[in-house]
Amino acid sequence: MTISGSVIDVNFAPGALETPLAAIHDWISASACAVTTYYGRFPVKHLHLLIVPVEEQRGVLNGRTMGYGGASTKVFVGQLATEDDLKRDWVMTHEMVHLAFPLVASEHHWIEEGIATYVEPIARVEAGNLEPRSVWHDLVEGLPKGLPQAGDEGLDHTHTWGRTYWGGALFCTLADVEIRQRTNNRYGLQDALRAILAAGGNMETSWPLERALMVGDKATGVSVLTDLYQQMKAKAVQFDLAGLWDNLGVEPFGEVSFNDRAPLAAVRRAITAVPAGTTSCYPTIDNS
């Protein structure tokens, strides 16, 4: 599969899948297009993708992405997975987002998982594969899991599941909102992440986290990423999520709804808007 000048080699581990091959191609293409749309390019020049069938299981189960020795992703798919399962899947996009950030020291694993958790649904919205309401619903449901609990020592020192995935996503959410506030919506976290990738910071490289944050801050013209990291890295910091939703115009009761008269409603809309100059994504597939 070729997309924006990059090649994805798709291979299958032993085992049968009931889903037609065309549906699997569509699933991979949709995920690759979402990541390409968000970052303006596919993150690596060559990706080895292995699909692993799992007997007597349904749906997309989990995945793992590695960068050393060349980018590779392994995704485990239930043998009984349906086309609808693949259309609803988030795992493939999540794993491909990992490709777009450099490897950092193990204590910063929260930034890798946090970016993938935060960016994945936004990228799918930008590609036309998800509704914006889903992004905010998931953040309303998920971000409380990322708040510090008793005994928390900051993101670099508290490696629970909630702090790693949703604490990292909380960092990304707060950064995106603040960057947009301080730049009058001219820039957002997406611009910072695109700049890190453009500077060579993908998963095939290893950087100090501080370098990545400085590159991102330079692209937006504000020091939000560096300042927020200094604030959250080594101490528990509580945030008023109810106040955040109120300012953004996200009404979290029942089905999420929006208040476009809220102070930061324009910021909310910009976070899930398709970037100017984005072109349609059409991967080509070689089955030979």
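Rule-based calculations on the coordinates, nothing more; no lab input. Source: prediction; values computed, not measured. Every residue, glycine among them, receives a Cβ derived from its backbone with ideal geometry; neighbour counts consider all protein chains shown.
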_Ordering of 201-214, 184-197 by packing [mean C-beta count within 10 Å, highest first]_ = 184-197, 201-214
_Centre separation in Å (Cα based) which lies between segment 208-250 and segment 1-75_ = 31
*Cα-Cα separations in the chain greater than 37 Å, expressed as whole percent*: 12
*Computed helical MRE - 222 nm, the chain, DSSP H runs ≥ 4 contributing -39500 (n - 2.57), nearest 500*: -13000 deg cm²/dmol
*Let me have the relative contact order for segment 116-250, percent, based on Cα pairs under 8 Å that are six or more residues apart.*
25
*Mind sorting ILE24, ILE271 by how few other Cβ atoms lie within 10 Å of their own Cβ, fewest first?*
ILE24, ILE271
_Net lengthening on full extension, GLN57/ASN185 (0.36 nm per residue, minus Cα-Cα)_ = 41.7 nm
*Isotropic mean projected area of the C-alpha convex hull, segment 165-209 (nm²)*: 3.7
_Cysteines without a disulfide-compatible neighbour (Cβ-Cβ under 4.7 Å), the chain_ = CYS172
*Ranked MET92, MET66, criterion: other C-beta atoms within 10 Å, fewest first*: MET66, MET92
_How would segment 81-236 be classified by its alpha-carbon gyration tensor: rounded, prolate or oblate, with rounded meaning a/c under 1.5 and the a/b versus b/c comparison settling the rest?_
rounded
*Please give the net charge around ARG261, taking every other residue with its beta carbon less than 14 angstrom from that of ARG261, where Lys and Arg add +1 and Asp and Glu add -1.*
-1
_Give me the one-decimal nm value for the distance between modelled label points at PHE253 and ASP227, 7 Å along each residue's Cα-to-Cβ direction._
3.4
_Give me the net charge for the shell around ARG180: Cβ to Cβ below 13 angstrom, other residues only, Lys and Arg +1, Asp and Glu -1._
+1
*asked:* Cut-off under 29 Å on the C-alpha distance; same-chain residues fewer than 8 positions from LYS218 excluded. Which lysines are left, in chain and number order?
replied: LYS45, LYS233, LYS235
